[in-house]
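The structure's right below; bear with me while I get my questions together.
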Amino acid sequence: MKKRSFKLTIAITAILCALPIMAQQKRLSPHETVSAVIDGNRVTVVYGRPYTKDPKTGENRKIWGKLVPYGKVWRTGADEATLLITQKAIVLGKTTIPAGAYTVYTLPAEDGSAKLIINKQIGQWGTEYDEKQDLARIDLKKDPLGTPVDQLTIAIEKNSSSGGTLKMMWENTQFSAPITVQP
């Protein structure tokens, strides 16, 4: 088990070291890394944080259904593909995700629902999507936000008892999925 954890740590380090190389394409948005320890397991997301305002014109953009079109896979952020890293197997929504690093995409639908896509391909620019590499598609819970969020925000929140929640907030919408750690 320690050997597997060591290998995963090496893989994660290699990925994080490669991020500046991948960023040689022009970034338009700031980037952030969020991380939480849930039931002894570190879960990390590395992503670009686009704004509601257009970076070139400064005008507000309609996000859901316009900038992020319905029925099309979206990179869940800006620039490089969003990265999800888990040191242990987790259950995200109702789907088991083995320990490792994955790319995260979102598939919003016109009815307001959305799916989180966990993809095995990593290290690519965000618009390079290969459906054959999908590990899972997870239904997301949608909630309205009381106050609009100008910049895409992803959070990993630990629950008070056990487990946690992956949240994605932008414009006037929050999508989320529960996280539990595999025993």
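The values are calculated or read from the model by the stated rules, or taken from the named source; none is laboratory data. Given the structure is predicted, the values throughout are model-derived calculations rather than measurements. Cβ coordinates were reconstructed from backbone atoms using ideal geometry, including for glycine residues, and neighbour counts include every protein chain displayed. Just the protein is used for accessible areas: all its heavy atoms, side chains included, with ligands, DNA and RNA removed. Shrake-Rupley method; radii C 1.70, N 1.55, O 1.52, S 1.80 Å.
To keep it simple, each residue is scored yes or no on (1) closer than 14 Å to Leu84 by Cβ; (2) among the acidic types (Asp, Glu).
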{"residue": "Ile118", "(1), (2)": "yes, no"}
{"residue": "Ile122", "(1), (2)": "yes, no"}
{"residue": "Lys132", "(1), (2)": "no, no"}
{"residue": "Ala136", "(1), (2)": "yes, no"}
{"residue": "Lys141", "(1), (2)": "no, no"}
{"residue": "Leu145", "(1), (2)": "no, no"}
{"residue": "Asp150", "(1), (2)": "no, yes"}
{"residue": "Ile156", "(1), (2)": "yes, no"}
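Considering only residues that are exposed (fewer than 14 other Cβ atoms within 10 Å of the Cβ) and assigned to a loop (DSSP other than H, G, I, E, B), which ones fall in the range 121-162?
Scanning the range 121-162 gives Thr127, Glu128, Asp130, Asn159, Ser160, Ser161, Ser162.
List the number of the failed condition for Phe175; all other conditions in (1) touching a strand residue (DSSP E or B) at 6+ places or on another chain (Cβ under 9 Å); (2) over 21 Å from Asn60 (Cβ atoms); (3) at pLDDT 95 or above hold.
Here Phe175 meets the rest and fails (2).
Closer than 21 Å to Thr52 by Cα and either open to solvent by less than 10 Å² (accessible area, probe 1.4 Å) or not hydroxyl-bearing (Ser, Thr, Tyr) (or both) - does that describe any residue in the range 81-100? Write out each step before concluding.
First, pick out the residues of the range 81-100 that are closer than 21 Å to Thr52 by Cα: 81-82.
Applying the additional criterion that residues be either open to solvent by less than 10 Å² (accessible area, probe 1.4 Å) or not hydroxyl-bearing (Ser, Thr, Tyr) (or both) yields 81-82.
Yes, that holds for at least one residue.
Any idea how many residues of the range 130-183 are within 23 Å of Pro55 (Cβ to Cβ) and more than 15 Å from the chain's Cα centre (by Cα)?
8
What number of residues within the range 85-108 are outside any loop (DSSP other than H, G, I, E, B) and either over 11 Å from the mean Cα position of the chain (by Cα) or more than 16 Å from Phe175 (Cα to Cα) (or both)? Full working, then the answer.
Filtering the range 85-108 down to residues outside any loop (DSSP other than H, G, I, E, B) leaves 85-86, 90-92, 95-97, 100-108.
Going one step further and asking which of them are either over 11 Å from the mean Cα position of the chain (by Cα) or more than 16 Å from Phe175 (Cα to Cα) (or both), we end up with 85-86, 90-92, 95-97, 100-103, 107-108.
Residues in the range 85-108 being outside any loop (DSSP other than H, G, I, E, B) and either over 11 Å from the mean Cα position of the chain (by Cα) or more than 16 Å from Phe175 (Cα to Cα) (or both): 14 in total.
Please work out if Arg75 is under 21 Å from Glu131 (Cα atoms), open to solvent by 20 Å² or more (accessible area, probe 1.4 Å) and at pLDDT below 95. Spell out how you get there, then give the answer.
Values: under 21 Å from Glu131 (Cα atoms): yes; open to solvent by 20 Å² or more (accessible area, probe 1.4 Å): yes; at pLDDT below 95: yes.
Against the criterion (under 21 Å from Glu131 (Cα atoms), open to solvent by 20 Å² or more (accessible area, probe 1.4 Å) and at pLDDT below 95), Arg75 qualifies.
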